[in-house]
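J.: Okay, here's the structure, questions in a sec.
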Amino acid sequence: LAAALSAAGLLPIAGLSASDGALTVPVDCYLQFAHNSGGDLNTFSFLMDIRPKSLNGFNAIFQSHVDNDEDGSLYTSGKMIGINSSGLGYGGSLVEGKWHRVVFVVNENCMSVFLDGLKVVATFTANTDKWILHDVAWLFCDDNGEEGTVDIAELRYWDVALSSAQIKSLGFAGFDTSVDAPLAD
């Protein structure tokens with residue numbers, strides 16, 4: 001498996017635990033996701049534990065356009081995460097080289113972004129272009145190269161919009177439900 005990952009440009013790394021399957025995803029190397037539900041989805045949730053290598057400029061996190069022919073749908077920009085679309089904007093405080101848990105929730109084409117268990121940006125204006133999940137989506141991919149090297153240690157997907165309480169119960173990057181206390185309100 002390590003040889004196949006290396007041939008694809010992905011580098012296995014030590015992550016937050018021995019079993020998380022962490023990878024370094026360099027610039028010009030992307031992860032593709034297929035939900036296999038048939039048809040487009042306008043309600044879903046993703047969780048990913050990421051460690052950005054650099055927070056300079058814009059770095060794509062999620063790309064909803066199958067052909068990668070439009071701007072991405074979620075970015076880091078400096079030390080924040082979000083996108084200037086449909087009133088979402090940027091928020092939170094990312095630290096270069098630190099693991100962060102990012103959860104983005106789309107509910108009827110309206111997006112909320114949680115960083116380390118806290119909601120940092122949200123919009124109530126639907127965007128049927130940016131926040132829809134087609135049969136295939138991309139992670140860390142952008143049409144005009146607004147990308148950066150990132151480590152990813154966990155990736156989860158739900159075909160429902162997670163609630164704030166559910167996201168708090170997921171904790172932070174490296175959170176272990178057997179030993180860590182739930183996040184405070």
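The values are calculated or read from the model by the stated rules, or taken from the named source; none is laboratory data. Just so we're clear, the structure is a prediction, and the values are computed from it rather than from any experiment. Using ideal geometry, Cβ is built from the backbone for each residue, glycine included, and neighbour counts are taken over all protein chains shown. To get the accessible areas, we keep the full protein, side chains included, count just its heavy atoms, and leave off ligands, DNA and RNA. Shrake-Rupley method; radii C 1.70, N 1.55, O 1.52, S 1.80 Å.
J.: Just wondering, is there one or more residues in region 117-126 that are part of a strand (DSSP E or B) and open to solvent by 70 Å² or more (accessible area, probe 1.4 Å)? Please lay out each step first, then the result.
T.: From region 117-126, those part of a strand (DSSP E or B) are 118-122; that's our starting set.
Next cut, open to solvent by 70 Å² or more (accessible area, probe 1.4 Å) only: 118-119.
Within region 117-126, one or more residues are part of a strand (DSSP E or B) and open to solvent by 70 Å² or more (accessible area, probe 1.4 Å).
J.: Does Phe44 satisfy being modelled with pLDDT of 90 or more and under 23 Å from Lys79 (Cα atoms)? Reasoning before the result, please.
T.: Values: modelled with pLDDT of 90 or more: yes; under 23 Å from Lys79 (Cα atoms): no.
When the stated conditions are applied, Phe44 does not pass them.
J.: From the list Leu162, Leu155, pick out the single residue that is farther than 21 Å from Asn68 by Cα and either touching a helix residue (DSSP H, G or I) at 6+ places or on another chain (Cβ under 9 Å) or among the aliphatic types (A, V, I, L, M) (or both). Give the steps one after another, and end with the answer.
T.: Values: Leu155 fails: farther than 21 Å from Asn68 by Cα.
Going through Leu162, Leu155 in turn, just one is farther than 21 Å from Asn68 by Cα and either touching a helix residue (DSSP H, G or I) at 6+ places or on another chain (Cβ under 9 Å) or among the aliphatic types (A, V, I, L, M) (or both): Leu162.
J.: Sort out which residues of region 89-104 are in a loop (DSSP other than H, G, I, E, B) and either touching a residue at least 60 places away in the same chain (Cβ under 8 Å) or open to solvent by 10 Å² or more (accessible area, probe 1.4 Å) (or both), and write them in order of number.
T.: From region 89-104, those in a loop (DSSP other than H, G, I, E, B) are 92-99; that's our starting set.
Passing the criteria: Gly92, Ser93, Val95, Glu96, Gly97, Lys98, Trp99.
J.: Test each condition in (1) open to solvent by less than 30 Å² (accessible area, probe 1.4 Å); (2) closer than 21 Å to Ile167 by Cβ; (3) not basic (Lys, Arg) for Ser85 and report the one that comes out false.
T.: Ser85 satisfies every listed condition except (2).
J.: Ok, one more. State which residue is most open to solvent (accessible area, probe 1.4 Å) when the search covers only region 31-82 and only residues that are farther than 14 Å from Ser93 by Cα and among the charged types (D, E, K, R). Before you say what the answer is, go through the steps one by one.
T.: The initial filter retains those residues of region 31-82 that are farther than 14 Å from Ser93 by Cα, namely 31-49, 53, 57-74.
Applying the additional criterion that residues be among the charged types (D, E, K, R) yields 40, 49, 53, 67, 69-71.
Working: Asp40: 89, Asp49: 3, Lys53: 98, Asp67: 123, Asp69: 90, Glu70: 86, Asp71: 66 Å².
By that ranking, first place goes to Asp67.
J.: Oh, and also: Among the residues of region 67-82 satisfying the criterion of being small (Gly, Ala, Ser), within 17 Å of Trp131 (Cβ to Cβ) and not in a strand (DSSP E or B), which is modelled with the highest pLDDT?
T.: Ser73
J.: Looking at region 20-33, can you tell me whether even one residue there is in contact with a His (Cβ under 9 Å, 6 or more places away or on another chain) and acidic (Asp, Glu)?
T.: no
J.: Say whether the condition of being of a type outside the set (S, T, N, Q), free of Cβ contacts under 8 Å to residues at least 40 places away in the same chain and not in a loop (DSSP other than H, G, I, E, B) is met by at least one residue in region 160-171.
T.: Of all residues in region 160-171, those of a type outside the set (S, T, N, Q) come to 160-162, 165, 167-168, 170-171.
Applying the additional criterion that residues be free of Cβ contacts under 8 Å to residues at least 40 places away in the same chain yields 165.
Among the residues that remain, those that are also not in a loop (DSSP other than H, G, I, E, B) are: 165.
Scanning region 160-171, I find at least one residue that is of a type outside the set (S, T, N, Q), free of Cβ contacts under 8 Å to residues at least 40 places away in the same chain and not in a loop (DSSP other than H, G, I, E, B), so the answer is yes.
J.: Identify all residues within region 83-94 that are modelled with pLDDT under 95 and closer than 18 Å to Val105 by Cβ; write none if there are none. Before the answer, list the steps.
T.: First pass over region 83-94, keeping only residues modelled with pLDDT under 95: 83-89.
Answer for region 83-94, where residues must be modelled with pLDDT under 95 and closer than 18 Å to Val105 by Cβ: Ile83, Ser85, Ser86, Gly87, Leu88, Gly89.
J.: Of (1) in contact with a His (Cβ under 7 Å, 6 or more places away or on another chain); (2) modelled with pLDDT under 90; (3) closer than 22 Å to His100 by Cα, Ser64 satisfies all except one. Which?
T.: With (1) in contact with a His (Cβ under 7 Å, 6 or more places away or on another chain); (2) modelled with pLDDT under 90; (3) closer than 22 Å to His100 by Cα applied to Ser64, the lone miss is (2).
J.: I've got another one for you. Select from region 4-51 the residues that are in a loop (DSSP other than H, G, I, E, B) and aliphatic (A, V, I, L, M) and write down the one among them that is nearest to Gly171 (Cα to Cα).
T.: Residue satisfying both the conditions and the ranking: Leu16.
J.: Okay, next question. Being farther than 27 Å from Ile132 by Cβ and open to solvent by less than 50 Å² (accessible area, probe 1.4 Å) is the filter; apply it to region 14-30 and report the residue that is modelled with the lowest pLDDT. First the steps, then the outcome.
T.: We begin by selecting, within region 14-30, every residue farther than 27 Å from Ile132 by Cβ; these are 14-22, 24, 26.
Still in the list and also open to solvent by less than 50 Å² (accessible area, probe 1.4 Å): 15, 20, 22, 24, 26.
Working: Gly15: 89, Asp20: 80, Ala22: 92, Thr24: 92, Pro26: 90.
By that ranking, first place goes to Asp20.
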